[in-house]
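What follows draws every value from the coordinates through simple rules; no lab data is involved. These numbers come from a predicted model, not from an experiment. Note: ideal-geometry Cβ built from the backbone for every residue, glycine included; neighbour counts use all protein chains shown.
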Amino acid sequence: MSRAADSIKGFFARHWRVFAIGFGGLALIIVLLWYVTESPKNQLWGPTVTSEPVKQKVVALTFDDGPNPPYTDRILEYLHAEHVPATFFVVGLAVQAHPDIVRREFADGNAIGNHTWDHAHLILLSRTHIERELTSTEDEIQRVTGEHTELFRPPFGARDFRVISVAHQLGLQVIMWSVPLPADWTQPPPRVIADRVLKYVKDGSIIVLHDGNKGHAADRNNTVEATKIIVTELRKRGFRFVTVPELEKLGYAEGATPPPGPTEYGPFYTPRL
Ligand SMILES: [Zn+2]
């Protein structure tokens, strides 16, 4: 072995503890950053809705990333035939491309939510850019349905205090979820998607499925079929389906705290003066 390689080896042998601590620390920081920015239940950056503490068998079905024909249409047909309302978190550019589908979502009695213009990872953007992502989508939803939405779900669940405070300033509630994501976008068989969801459903749960792919086209046949299994099995268990706003109303009626006022934001929230 050369002298250089030997001395490098010696250096690592002498300092392995420093490297171990360094890598361990880095891993810990990454896990913590993930937790505070993407974990659906973390309330550190400000309040979000993940479920409602109701004592009745109600559940909210939500669909992200659409509209995406023909899969969103097929979901709508099924939900309409079964009298099941859902909540669609739509991507602005897909709303612009498929306004008729969003009109139908709304006309059928579903709730619509804002999922940004192009499925941006908002914590990487400036405050102005975050605002633009939300307002352009809001404008498009309003143009297409004639209605303003108060619901917003950050793409990837990623948010920090700026994302939450911008949303609140625009009159939007941040809606997360309580049932772990079934990764339906990786297109496992419908039964697998359904089982991943059904295992975790409780009274007042919020379920997430994906009818689109970040606002773009993708095969969502397995999600369509999984929706049917989930609805059928939850009905057998005695569950009733409601939209997110309906679920919230039931929650407040049973003693949950309504969305907070401007003085009640989380510890890291600093109001913009
Ligand atoms: Zn999404």
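For this structure, a couple of remarks:
- Long-range HN-HN contacts of Val58 with modeled amide H, under 5 Å: Gly204, Arg240
- Region 159-208-region 212-230 distance, computed between alpha-carbon centres (Å): 15
- Highest mean packing comes first when the peptides 202-210, 43-51 are listed by Cβ atoms within 10 Å, giving 202-210, 43-51.
- What the Cβ-Cβ distance of Glu82 and Tyr35 gives, at R0 = 35 Å and to the nearest 0.05, is a FRET efficiency of 0.40.
- Less than 5 angstrom separates the built amide H of Leu151 from those of Asn114, Gln173, all sequence-distant by 5 or more or on a different chain.
- Chain lengthening between Ser7 and Gln56 when straightened (0.36 nm per residue, less Cα-Cα): 10.8 nm
- Contour minus Cα-Cα distance for Asp195 and Arg17 (0.36 nm per residue): 59.7 nm
- Nitroxide proxy distance, nm - points 7 Å out along Cα→Cβ at Gln43 and Leu26: 3.5
- For the chain, built as a Gaussian network whose Cα springs stay under 10 Å, the top-fluctuating residue of Val31, Val58, Val197: Val31
- The share of C-alpha pairs in region 58-253 whose separation exceeds 19 Å stands at 56 percent.
- The long axis of helix 71-82 is offset from the longest Cα principal axis of the chain by roughly 50 degrees.
- Ranking of Glu140, Glu52, Glu147 by count of other Cβ atoms within 10 Å, fewest first: Glu147, Glu140, Glu52
- Here is how the number arises for the chain: DSSP H runs of 4 or more residues each give -39500 (n - 2.57), the sum is divided by the residue count, and the result at 222 nm is -15000 deg cm²/dmol.
- The calculated pair-distance distribution of region 16-110 uses every alpha carbon pair, bins of 10 angstrom beginning at 0, and gives 13, 28, 24, 19, 10, 6, 1 percent.
- Cβ-derived FRET efficiency at R0 22 Å, Leu181 paired with Thr232, nearest 0.05: 0.55
- Between 0 and 90°, nearest 10: helix 221-236 axis offset from the chain longest Cα axis: 70
- The chain, dipole about Cα centre (Lys/Arg Cβ +1, Asp/Glu Cβ -1), debye to the nearest 20: 1200
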